[in-house]
Amino acid sequence: MALKITVIGTGYLGATHAAAMAELGFEVLGLDVVPEKIETLSRGEVPMYEPGLEELLRKHVAGIEGSTGRLRFTTSWEEVGEFGDVHFVCVNTPQKHGEYACDMSYVESAFASLAPQLRRPALVVGKSTVPVGSAAHLADLLTRLAPAGADVELAWNPEFLREGFAVQDTLHPDRIVVGVAGERAEKLLREVYATPVGEGSPFVVADYPTAELVKTAANSFLATKISFINAMAEVCEAADGDVVKLAEAIGHDERIGKKFLRAGIGFGGGCLPKDIRAFMARAGELGADQALTFLREVDSINMRRRSHMIELARESVGGSFLGRRVAVLGATFKPDSDDVRDSPALNVAGQIHLQGGQVTVYDPKGMDNARRLFPTLAYAPSALEACRGAEVVLHLTEWSEFRELDPAQLGEVVAARRVLDGRNALDAAAWREAGWVFRAMGRPRA
Ligand code: UDX
């Protein structure tokens, strides 16, 4: 009989995972402790912007006309315990307030609520990004809190999805990594992932600590690659070189590769910044802090990019932001997402505002989230309106909409034709031709 799957935590990761499991043909029950989320998802609506996710949900959520009916949602732990053979725990692990370490309280409370309900054989699979060592501790917790004699096992199966590509990354992953302590867990997970593995996704079996580390190591490597190219951008600016050309040239070497070498205002979002910090904190606890001191530098190069953008903007308006009008294009941490968590764009906008600038922001999808986080900034309904009267335009998130802007038309509404490209994504020649003073990060001035 086909496995029955539950997904605990229906945020970004969980909602995508639940829909993907239904797409793979399983009966799926998603749980969240927030009733409003369950109501939204049960209507086939997605509480965030993620291309393709709503379509996938509507294809499977029970009660929607024409759906397969394979996917349902609940707030009941008891129902989850009765239903599932395999339980995926997808709750988040945010950075602790004022600390580097990550907050494990949501994961722990999910395990504590689930365990007593496991009255039939079950595999619990952690997907959240956790400090190495957590799985061993959670396996103990599970054994202690499950009903006496229950047949319960734990596996760790980190998730590598990118926002904006979540559905594609979940259905066609680059690799599937499972940390297991026994053969049954491996067998069940091979069954769950038979379709993507059959289509060529590698299936890597490891122990708990290695599986946990794969996730943080991968994100650390990606963050390091971005900070490396941003460090080169600093040198290029000092030497009048061109970091875009440099990245292209070194990327031809397959050992280096072309991806993740886009210099600009650096990385943000809910993963890379907090994951490298939590990794450093955990290494410190393990007495291995020296191994990761380079990540401190990766983090500080990254944060320096934001200050550098602010300096460039200040310089462009004559040395002070007081009373100067600044247009900010982009609020999300990257395009094709409405996520503004640790967004370099909003951080830059907020700091310029604090320094007396009159900042107007426009973003194609992130306006509601941005307004909630930075209510004191001004927001405009379009790029053109954000730029009206501006003395400098800052391009801070590389939405395709911004690449398609007509610099001549925009030039009509601004007070001064000055643009700073914080993502190295605009066509410098076209903007210059339309009479703009165009500056990009790590590139020659003219
Ligand atoms: C990341 C990892 O890619 C993913 O595997 C993991 O599961 C979660 O964290 P995500 O946070 O969605 O995914 O974003 P990603 O596409 O990795 O971009 C992260 C940040 O780096 C963005 O702010 C982006 O603008 C920035 N970035 C990316 C650069 O500045 N330069 C680049 O070359 C690439």
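The values are calculated or read from the model by the stated rules, or taken from the named source; none is laboratory data. Keep in mind the model is a prediction, meaning the values are calculated, not measured. Heads up, the Cβs are rebuilt from the backbone with ideal geometry, glycines too, and the neighbour counts pull from every protein chain shown.
Pick out the one residue from Glu153, Glu163 that is assigned to a strand (DSSP E or B), in contact with a helix residue (DSSP H, G or I) (Cβ under 8 Å, 6 or more places away or on another chain) and of a type outside the set (Gly, Ala, Ser). Result of the check over Glu153, Glu163: Glu153.
Does the range 200-221 hold any residues that are more than 16 Å from the ligand (Cβ to nearest atom) and farther than 23 Å from Leu123 by Cβ, and which are they? Spell out the reasoning first.
Pass one, the range 200-221, residues more than 16 Å from the ligand (Cβ to nearest atom): 200, 203, 205-210.
Matches in the range 200-221: Gly200 only.
Matching residues to (1) outside the structural domain of Arg417 (by TED's automatic domain parsing); (2) more than 26 Å from Tyr49 (Cα to Cα); (3) crowded, with 19+ Cβ neighbours inside 10 Å; (4) in contact (Cβ under 8 Å) with a residue 60 or more places away in the chain:
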| site | (1), (2), (3), (4) |
| --- | --- |
| His308 | no, yes, yes, yes |
| Glu311 | no, yes, no, no |
| Phe321 | no, yes, yes, no |
| Arg325 | no, yes, yes, yes |
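Would you please name the residue that is nearest to the chain's Cα centre (by Cα), looking only at residues in the range 47-69 that are of a type in the set (A, V, I, L, M) and either at pLDDT 95 or above or assigned by TED's automatic domain parsing to the domain that holds Asp368 (or both)?
Filtering the range 47-69 for residues of a type in the set (A, V, I, L, M) gives 48, 53, 56-57, 61-62, 64.
Next, only the ones that are either at pLDDT 95 or above or assigned by TED's automatic domain parsing to the domain that holds Asp368 (or both) stay: 53, 56-57, 61-62, 64.
Values: Leu53: 15, Leu56: 20, Leu57: 20, Val61: 25, Ala62: 29, Ile64: 29 Å.
Filtering the range 47-69 for residues that are of a type in the set (A, V, I, L, M) and either at pLDDT 95 or above or assigned by TED's automatic domain parsing to the domain that holds Asp368 (or both), the one nearest to the chain's Cα centre (by Cα) comes out as Leu53.
Scan the range 125-171 for residues that are among the β-branched types (Val, Ile, Thr) and touching a residue at least 12 places away in the same chain (Cβ under 8 Å) and jot them down. So that I can check it myself, show each step before the final result.
Filtering the range 125-171 down to residues among the β-branched types (Val, Ile, Thr) leaves 125, 129-130, 132, 143, 152, 167, 170.
Of everything in the range 125-171, those that are among the β-branched types (Val, Ile, Thr) and touching a residue at least 12 places away in the same chain (Cβ under 8 Å) turn out to be Val125, Thr129, Val130, Val132, Val152, Val167, Thr170.
All of Leu396, Leu354 fail the test of being modelled with pLDDT of 95 or more and surrounded by 24 or more Cβ atoms within 10 Å (Cβ to Cβ), apart from Leu396. When we screen Val414, Val361 for residues that are more than 16 Å from the ligand (Cβ to nearest atom), more than 21 Å from Gly269 (Cβ to Cβ) and at pLDDT 95 or above, the only hit is Val414. Let me confirm something: among Ala349, Ala390, Ala370, Ala380, which residue is crowded, with 24+ Cβ neighbours inside 10 Å, of a type in the set (A, V, I, L, M) and more than 27 Å from Pro444 (Cα to Cα)? It is Ala370. A Cβ distance below 8 Å, combined with a sequence gap of six or more or placement on separate chains, defines the contacts here; from the range 419-446, residues that are among the charged types (D, E, K, R) reach residues that are assigned to a loop (DSSP other than H, G, I, E, B) and at pLDDT below 95 in the pairs Arg432/Ala446; Arg439/Arg445. Against the conditions (1) within 16 Å of the ligand (Cβ to nearest atom); (2) outside the structural domain of Asn230 (by TED's automatic domain parsing); (3) without any contact (Cβ under 8 Å) to a residue 60 or more places away in the chain, Leu261 satisfies every one except (2).
Matching residues to (1) away from the ligand (no atom under 16 Å from the Cβ); (2) in a loop (DSSP other than H, G, I, E, B); (3) under 26 Å from Leu286 (Cβ atoms):
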{"position": "Gly69", "(1), (2), (3)": "yes, yes, no"}
{"position": "Asn92", "(1), (2), (3)": "no, yes, yes"}
{"position": "His97", "(1), (2), (3)": "yes, yes, yes"}
{"position": "Ala110", "(1), (2), (3)": "yes, no, yes"}
{"position": "Leu114", "(1), (2), (3)": "yes, no, no"}
{"position": "Thr129", "(1), (2), (3)": "no, yes, yes"}
{"position": "Asp140", "(1), (2), (3)": "yes, no, yes"}
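Apart from one condition, Val235 fits all of (1) surrounded by 19 or more Cβ atoms within 10 Å (Cβ to Cβ); (2) free of Cβ contacts under 8 Å to residues at least 24 places away in the same chain; (3) hydrophobic (A, V, I, L, M, F, W, C); (4) away from the ligand (no atom under 13 Å from the Cβ); the exception is (1). Of Val192, Val152, Val177, Val197, all but one fail to be away from the ligand (no atom under 16 Å from the Cβ), buried (at least 20 other Cβ atoms within 10 Å of the Cβ) and over 21 Å from Trp77 (Cβ atoms); the exception is Val192. Residue check, Ser227 against (1) surrounded by fewer than 18 Cβ atoms within 10 Å (Cβ to Cβ); (2) among the hydroxyl-bearing types (Ser, Thr, Tyr); (3) touching a residue at least 40 places away in the same chain (Cβ under 8 Å), all met but one. Which one? Only one criterion is unmet by Ser227, namely (1).
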